[in-house]
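Structure first, then comments.
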Amino acid sequence: MPAPATNSPAPLPVGVEDRRALVAIDLGAESCRVSLLRWQNNSPHIELVHRFPNHTIETADGLHWDLPAILLGLHTGLRQCAAIATEGIRSIAVDGWAVDYVRLNPHGQPAAIPFCYRDERTISAETALHERISAARMRELTGIQLLRLNTAYQLFADDAELRGLPWLNLPEYILHTLGGRAVSERTNASHTQLLSLNGDWCDEILRAVEIPRSAMPQLVNPGTHIGQLTGELAALPAFANTRLIAPCCHDTASAIAAVPDSAADWAYISSGTWSLVGTLLPAPNNSPRACAENFTNLAGAEGSICFHKNVNGMWLLRQCIEAWAAEGTTIDIATLVKAAENIPALPFHLDVDDPDLLLAGRMPQRINAQLHRRNLPEFSTDPADAPALAAFLFRSLASRYAEVLKGVAEITGKQFRKLYIMGGGSQNNLLNRLTAAATDLTVVKIGSECSTTGNFAVQLATLNGGATNKWAALLAQSMDNHPL
């Protein structure tokens with residue numbers, strides 16, 4: 001006799017016992033996103049609930065982030081999630097770009113408007129700090145790529161009265177405003193140039209930067225439960241007993257956590273404003289060559305090390321498009337990429353990592369200035385000739401990616417078979433094809449929202465147990481992963 005029918009839901013994947021939804025917040029330099037993971041027909045489904053633009057604001061003392069606008073947008077997104085997920089929301093986690101931070105006054109409120117890492121105040125701060133502690137010594141202590149945008153230089157650039165105040169990187173600050181305790185999650189902490197290779201704050205660098213230990217947040221690992229949602233949002237039925245989790249708070253580490261590959265023979269490019277080119281290692285590599293070529297050792301999920309190098313990325317094209325827009329011409333990126341496909345290759349490439357190209361404004365002219373210094377032909381800055389310049393940028397980036405990956409392979413002894421490309425830049429199929437040709441690797445793109453996917457993978461591992469890449473593989477079934 002057949003068993004009687006029931007209305008009970010079908011079983012969830014092994015380890016999952018709670019059907020409530022999860023929320024991932026991903027802070028981006030150009031846009032911020034609030035996404036929802038819900039269980040439908042036994043499977044996780046991710047929905048982008050709210051996306052809003054993010055931008056810097058210029059004030060008398062420099063370039064800042066519009067923190068009130070970010071908080072308003074996030075609260076709007078969280079309320080929309082609560083309205084959709086009537087089954088309730090189990091947890092919230094936040095990732096975002098690294099290095100930038102909020103100073104806190106004695107009441108836990110912002111003591112100053114947070115600076116943007118592109119503010120030029122760190123040019124003089126870098127020089128001044130290295131008069132106290134050499135660049136070589138900082139590299140030796142931290143294993144971190146020397147970049148003037150790193151948190152250490154920014155903190156040193158702050159006014160003297162701010163230096164003794166506590167601070168939190170932006171993702172951890174958002175979690176703090178939601179009710180979490182004040183922490184520094186290790187993937188973000190490792191990007192500050194204040195964390196020793198032994199995993200603790202480095203007292204020698206703290207003394208040079210003039211930061212007391214009392215100002216340093218507590219270090220926690222990815223996937224740490226840091227509190228429960230409080231405040232007005234907690235009054236919404238969906239947010240009853242919602243946990244706050246520090247995922248891989250650095251968005252690059254979060255994106256890499258979305259790679260559904262348990263092998264060790266793959267490399268990655270996190271392609272966005274920056275291109276982060278490297279591979280995962282089980283331990284830091286601070287060898288003489290890694291130091292000389294300025295590779296970085298950043299913390300990743302489950303104790304891994306993201307060994308990579310910062311390469312200038314889609315910032316170059318975005319800045320060109322903004323320059324052309326200022327002249328009255330709006331250019332669609334997809335249309336521009338398609339037009340660039342028909343432009344033949346040139347026998348030279350741009351030095352995409354020229355420090356002058358990290359600065360904002362007049363990018364076509366900055367590019368031509370470099371070419372002029374090198375006695376190479378310059379490009380028309382007329383918007384009508386944009387495809388030629390775009391094609392040159394894409395080929396230059398692909399060439400640089402191949403050069404960096406060759407160095408990664410030689411330094412680490414790895415032989416790569418695949419190259420995973422993630423982030424917004426992964427949608428540029430022309431650049432992907434050029435990269436595949438330049439590197440001679442199978443290129444697999446894993447989506448533009450992979451930081452969100454990795455954020456969810458870490459939450460699932462925290463809540464249900466199991467390896468992060470196990471949950472990444474489950475989530476990958478509904479992603480747009482495919483080889484080119």
field: Positions within region 203-243 being among the hydrophobic types (A, V, I, L, M, F, W, C), open to solvent by 20 Å² or more (accessible area, probe 1.4 Å) and touching a residue at least 60 places away in the same chain (Cβ under 8 Å), in sequence order
entry: LEU236, ALA240
query: If you check every pair at least six apart or on different chains, which have Cβ atoms under 6 Å apart with a residue in region 34-46 that is touching a residue at least 24 places away in the same chain (Cβ under 8 Å) first and a residue that is surrounded by fewer than 19 Cβ atoms within 10 Å (Cβ to Cβ) and acidic (Asp, Glu) second?
result: LEU36/GLU47
task: Just name the residue that is farthest from VAL259 (Cα to Cα) out of those in region 454-479 that are among the hydroxyl-bearing types (Ser, Thr, Tyr) and at pLDDT below 95.
output: SER478
Residues that are surrounded by fewer than 21 Cβ atoms within 10 Å (Cβ to Cβ) and not in a loop (DSSP other than H, G, I, E, B), drawn from region 281-304: LEU281, PRO288, ARG289, CYS291, ALA292, GLU302, GLY303
query: So which residues in region 49-58 are outside any loop (DSSP other than H, G, I, E, B) and either open to solvent by less than 50 Å² (accessible area, probe 1.4 Å) or within 23 Å of ALA82 (Cβ to Cβ) (or both), if there are any at all?
result: VAL49, HIS50, ARG51, PHE52, PRO53
- request: For ALA82, work out the one condition from (1) in contact with a Leu (Cβ under 6 Å, 6 or more places away or on another chain); (2) within 15 Å of LEU37 (Cα to Cα); (3) open to solvent by less than 10 Å² (accessible area, probe 1.4 Å); (4) not in a strand (DSSP E or B) it doesn't fulfil.
  value: (3)
- prompt: How many of the residues in region 406-433 are of a type in the set (Ser, Thr, Tyr), closer than 24 Å to ILE46 by Cα and either in a helix (DSSP H, G or I) or without any contact (Cβ under 8 Å) to a residue 60 or more places away in the chain (or both)?
  reply: 1
- request: Take THR76 and decide whether it is at pLDDT 95 or above and open to solvent by 60 Å² or more (accessible area, probe 1.4 Å).
  value: no
VAL277 vs. criteria out of contact with any His (no Cβ under 7 Å at 6 or more places or on another chain) and either open to solvent by less than 10 Å² (accessible area, probe 1.4 Å) or at pLDDT below 95 (or both): no
message: With the condition being acidic (Asp, Glu) and at negative phi, I'd like the helices (runs of 4 or more DSSP H) fully within region 133-206 carrying at least 3 qualifying residues.
response: none
query: Any residue in region 339-347 that is farther than 20 Å from LEU405 by Cβ and in a helix (DSSP H, G or I)?
result: yes
- prompt: Within the set of pairs 6+ apart or on separate chains, which have a first residue in region 434-449 that is under 24 Å from ALA473 (Cβ atoms) and at pLDDT 90 or above, a second that is open to solvent by 30 Å² or more (accessible area, probe 1.4 Å) and not charged (D, E, K, R), and C-beta atoms under 6 Å apart?
  reply: ALA436/LEU484; LEU441/PHE416; THR442/PRO483; VAL443/LEU484; VAL444/PRO483
- prompt: Pairs, please: C-beta under 9 Å, at least 6 apart or cross-chain, first residue touching a residue at least 24 places away in the same chain (Cβ under 8 Å) and in region 52-73, second open to solvent by 100 Å² or more (accessible area, probe 1.4 Å)?
  reply: PHE52/LEU72; GLY62/GLU120; LEU63/GLU120; HIS64/GLU58; GLY73/ARG51; GLY73/PRO53
- line: ALA369 meets each of (1) of a type in the set (Gly, Ala, Ser); (2) without any contact (Cβ under 8 Å) to a residue 24 or more places away in the chain; (3) open to solvent by less than 10 Å² (accessible area, probe 1.4 Å) with one exception, condition (3)
field: Looking only at region 244-274, and only at residues there that are among the β-branched types (Val, Ile, Thr) and buried (at least 24 other Cβ atoms within 10 Å of the Cβ), the one that is farthest from ILE25 (Cα to Cα)
entry: ILE269
task: Quickly run through region 141-168 and pick out the residues that are at pLDDT below 95 and over 24 Å from the mean Cα position of the chain (by Cα).
output: ASP159, ALA160, GLU161, LEU162, ARG163, GLY164
- prompt: Is one or more of the residues making up region 382-391 crowded, with 22+ Cβ neighbours inside 10 Å and either touching a strand residue (DSSP E or B) at 6+ places or on another chain (Cβ under 8 Å) or under 16 Å from ALA257 (Cβ atoms) (or both)?
  reply: no
task: Kindly list, by first and then second residue, each pair from a residue in region 287-313 that is under 21 Å from ARG137 (Cα atoms) and of a type in the set (Lys, Arg) to a residue that is assigned to a strand (DSSP E or B) and open to solvent by less than 20 Å² (accessible area, probe 1.4 Å), limited to pairs with Cβ atoms under 6 Å and residues at least 6 apart or on different chains.
output: LYS309/VAL277
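The values are calculated or read from the model by the stated rules, or taken from the named source; none is laboratory data. Model, not experiment: these values are computed from the prediction. Virtual Cβ from ideal backbone geometry, glycine too; neighbours counted across all protein chains shown. SASA here: full protein model, heavy atoms, side chains in, ligands and nucleic acids out. Shrake-Rupley method; radii C 1.70, N 1.55, O 1.52, S 1.80 Å.
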